[in-house]
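The values are calculated or read from the model by the stated rules, or taken from the named source; none is laboratory data. Keep in mind the model is a prediction, meaning the values are calculated, not measured. Because the Cβ atoms are built from the backbone with ideal geometry, glycine has one as well, and the counts that use them run over all protein chains shown.
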Amino acid sequence: MLEAIVFWISAVVAVAAGVTVFRTDSMARATYALAASFVAVGLMLLTFALDYLGVIVILMMVMEMAIMALFMIMLMGMNPALMPMSMVHGKRSAAVIAGLVFVGLAAAALLVPWPGAVEAPVADTTRSLGEAVMGSKMLVMLTVSPVLFATIVGALVLGHPRNRYQRYGADLAADHPDDPIDGGVGR
Amino acid sequence: MTLSLVLVVAAALFSVGLWGALSQQVVVMVMMGIELMINAVVLAGGAFWWFTSPTPDGQVLLLVVIAAMTVEMAMGFAVALLLHRRRGTDMTDMAAELNR
Amino acid sequence: MPDITQAAPVWAALVPLGLLALASAGAVVAGVSATRMRGGAVLAGVISPFTETSRLLRQRRRVPVAADRVLWHVAIGGIPVVAVLMVVVVPIGPVVLADSPVGIVWFNAMDVLLWALWWLAGWGPNSAHPLIAGHRFLGLALAYELPLMFALTAPAVAAGSLRVADVAAAQHGLWFAVWMPVAFAVYLLSTLAFSSWGPFAVAAHADLAGGVLAETSGVDRWLMLAGRHLVLAAGALMAVPLFLGGGAGPLLGPVVWTVLKALAVLMFLELAAGRLPLIRPERFAELGWVVLLPVTVLQVLVAAVVALGGA
């Protein structure tokens, strides 16, 4: 019973916060409305006994929203004072398409005869997830990890303002990189 | 709290995300819309896991979807930064041409 | 599996009060330390948190022009709330308020909420110094967070469980702080960092006019100052089951031992302020990623080898 109450409150918060993201006047409020929507989805996952995944969603999404807020401020240059802003294109067609998609998906959700549960859930879902990840699904993790590493390298290469020739000289022969702020290790 | 009702909530989140992704002009706001859509997919995945087959395989799929969301955010921010540096803009309309 | 019972929700009111008492003890220690360094009397330092409290609660509140009040108050009120949420998974004696099977990950999620809250505390007042302080905090957080995550993983790997009571019970004989010193040191360093205290006080340090504290006044300022001590106390209390053996100890019983160990860690943390220089985030970034992260990963490897070999 408690789970159903938590679920429905979180559902309302998630959808309302999602709409707020695109209707509010301040970039920081948009970002943290999205964070609230993510936390609500994490709480909904917790009501499904997905303990580890629910807490991980809350953790990672709040972290990402904190960083996203930095990028929003940096690229859009807003200040904390609220100012009306509306940067949209094709409002009507977007609303129509989204409405049609919602009607279609909701109809499918309500009308399709979904199958019942195949088996009862294991008592300790986290332990079974850990054993699956390290055992039968090890290949999945082995594939995800170079993808994440490639993301780190790709994001740094795309985002860094100075390339290695600017840092090490024309023939990459300098001893120390020529950075404006030197790090703490003394390299 | 049946599977159909949870899927309706997920459909609502997905539609809100789709509306935002289609109507916003700023790259980071489009990314927020895509985040909401992936959020809806995670919720729907969790619902399918709980109501139809609570085996560990479904949880691994959700982990992979969360990893995909992280990858999308990282590369999206890197591209938005690069766009701002090279063209001084953050609107998707100004980035419509590959060569300029 | 130790028998830890989940406490009835009526005890939920005791947890904030208990944490406040622990944080007050920490604030007294910090007050004495600050007063002694200025050459004042010990008694003045002991009562300084309480005189400051009564002064701030009577002070008139001032809000800057066009401040984002909603986000600012979320940040100011959120820091004490996060401190309480951090300790709901800590077992006090034989009871715990929320016996979560993923207690360590829950603690990690709560300390990540502080990323958002410190930045919002900087964004809210619509003022330059708090904004810069909030950004500096995020720069520091990016450096300490991954080593903290691995430092929290090491006790979980050694105990074979993410549940806090299991980690406390797996330390019979030898505390994790003794044979996992790197993880313990990184945990203490990160506690200082996410409560913005001591050498990692970049969000609220005097070198930037008090950082996020610059525009706060009255009850907002009190909530923020108390929030720092509450988060420090929460981190100290969590260190007890994770690294210091939980409530184990002769004669005095688990509740008393938990409180004594938490007080010892808290005293050590509170005395870090004013004695060590502020570490700049841009210099700490390289230190965190190039030195701390490999060392903590090796620590997890050591814990895994010991757990596999011994068990």
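Points to keep in mind about this one:
- Single unsatisfied condition, A:His160 versus (1) modelled with pLDDT under 85; (2) more than 7 Å from every other protein chain (Cβ to nearest Cβ); (3) more than 25 Å from the chain's Cα centre (by Cα): (3)
- Test: A:Ala30 is more than 24 Å from B:Val64 (Cβ to Cβ), in contact (Cβ under 8 Å) with a residue 40 or more places away in the chain and not in a loop (DSSP other than H, G, I, E, B): yes
- Qualifying residue in segment C:108-128 (condition: touching an Asp or Glu at 6+ places or on another chain (Cβ under 8 Å), of a type outside the set (Ser, Thr, Tyr) and surrounded by fewer than 17 Cβ atoms within 10 Å (Cβ to Cβ)): no
- Identity of the residue in segment A:24-62, closer than 16 Å to B:Val28 by Cα and facing chain C (nearest Cβ under 7 Å), that ends up surrounded by the fewest Cβ atoms within 10 Å (Cβ to Cβ): A:Arg29
- Subset of segment C:7-48 [closer than 27 Å to C:Val95 by Cα, β-branched (Val, Ile, Thr) and at pLDDT 85 or above]: C:Val15
- Only one entry of C:Phe107, C:Phe137 meets the criterion of being within 28 Å of A:Leu129 (Cα to Cα), within 14 Å of another protein chain (Cβ to nearest Cβ) and in a helix (DSSP H, G or I), and that entry is C:Phe107.
- Checklist (1) among the β-branched types (Val, Ile, Thr); (2) in contact (Cβ under 8 Å) with a residue 40 or more places away in the chain; (3) surrounded by fewer than 17 Cβ atoms within 10 Å (Cβ to Cβ); (4) assigned to a helix (DSSP H, G or I) applied to C:Val81, failing item: (2)
- Candidate set: segment C:36-63, residues that are closer than 21 Å to C:Ser195 by Cα and either polar (S, T, N, Q) or touching a Cys at 6+ places or on another chain (Cβ under 7 Å) (or both); chosen: the one surrounded by the most Cβ atoms within 10 Å (Cβ to Cβ): C:Ser48
- B:Gly33 vs. criteria more than 26 Å from A:Leu129 (Cβ to Cβ) and more than 7 Å from chain A (Cβ to nearest Cβ): yes
- Here C:Leu162 meets the list (1) buried (at least 24 other Cβ atoms within 10 Å of the Cβ); (2) not in a loop (DSSP other than H, G, I, E, B) almost entirely, failing just condition (2).
- Residue that is nearest to the chain's Cα centre (by Cα), among those in segment C:202-214 that are surrounded by fewer than 24 Cβ atoms within 10 Å (Cβ to Cβ) and in a loop (DSSP other than H, G, I, E, B): C:His205
- Screening A:Val103, A:Val21, A:Val88 for residues that are more than 30 Å from C:Asp99 (Cβ to Cβ), under 22 Å from the mean Cα position of the chain (by Cα) and either at the interface with chain B (Cβ under 8 Å from one of its Cβ atoms) or surrounded by fewer than 19 Cβ atoms within 10 Å (Cβ to Cβ) (or both) leaves exactly one candidate, A:Val21.
- Screening segment C:84-104 for residues that are crowded, with 22+ Cβ neighbours inside 10 Å and more than 10 Å from chain A (Cβ to nearest Cβ) and picking the one that is nearest to A:Ala36 (Cα to Cα) gives C:Met86.
- C:Ala151 being modelled with pLDDT of 95 or more and either surrounded by fewer than 21 Cβ atoms within 10 Å (Cβ to Cβ) or of a type outside the set (Val, Ile, Thr) (or both): yes
- Number of positions in segment A:137-157 that are more than 8 Å from chain B (Cβ to nearest Cβ) and polar (S, T, N, Q): 2
- Subset tally (residues that are over 26 Å from the mean Cα position of the chain (by Cα) and surrounded by 12 or more Cβ atoms within 10 Å (Cβ to Cβ)) for segment A:109-123: 5
- Segment C:225-235, residues that are over 17 Å from C:Arg58 (Cβ atoms) and in contact with a helix residue (DSSP H, G or I) (Cβ under 7 Å, 6 or more places away or on another chain): C:Gly227, C:His229, C:Leu230, C:Val231, C:Leu232, C:Ala233, C:Ala234, C:Gly235
Residues checked against (1) touching a Ser or Thr at 6+ places or on another chain (Cβ under 6 Å); (2) closer than 26 Å to B:Trp50 by Cα:
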{"site": "A:Glu119", "(1), (2)": "no, yes"}
{"site": "A:Val122", "(1), (2)": "yes, yes"}
{"site": "A:Ser128", "(1), (2)": "no, yes"}
{"site": "A:Ser136", "(1), (2)": "no, yes"}
{"site": "A:Leu139", "(1), (2)": "no, yes"}
{"site": "A:Val147", "(1), (2)": "no, no"}
{"site": "A:Ala155", "(1), (2)": "no, no"}
{"site": "A:Pro161", "(1), (2)": "no, no"}
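- Where a residue in segment B:10-29 is closer than 17 Å to A:Ala109 by Cα and its partner, wherever it lies, is crowded, with 22+ Cβ neighbours inside 10 Å and of a type in the set (Phe, Trp, Tyr), with Cβ under 8 Å and at least six apart: B:Val16/A:Phe22
- Counted residues, segment A:126-171 - those being polar (S, T, N, Q), assigned to a helix (DSSP H, G or I) and without any contact (Cβ under 8 Å) to a residue 24 or more places away in the chain: 5
- The numbered conditions (1) modelled with pLDDT of 85 or more; (2) at positive phi are all true for B:Gly88 except (1).
- Residue in segment C:258-281 that is touching a Gly at 6+ places or on another chain (Cβ under 6 Å) and under 20 Å from C:His172 (Cβ atoms) present: yes
- Count of segment C:233-266 residues which are at pLDDT 90 or above and either charged (D, E, K, R) or surrounded by fewer than 16 Cβ atoms within 10 Å (Cβ to Cβ) (or both): 4
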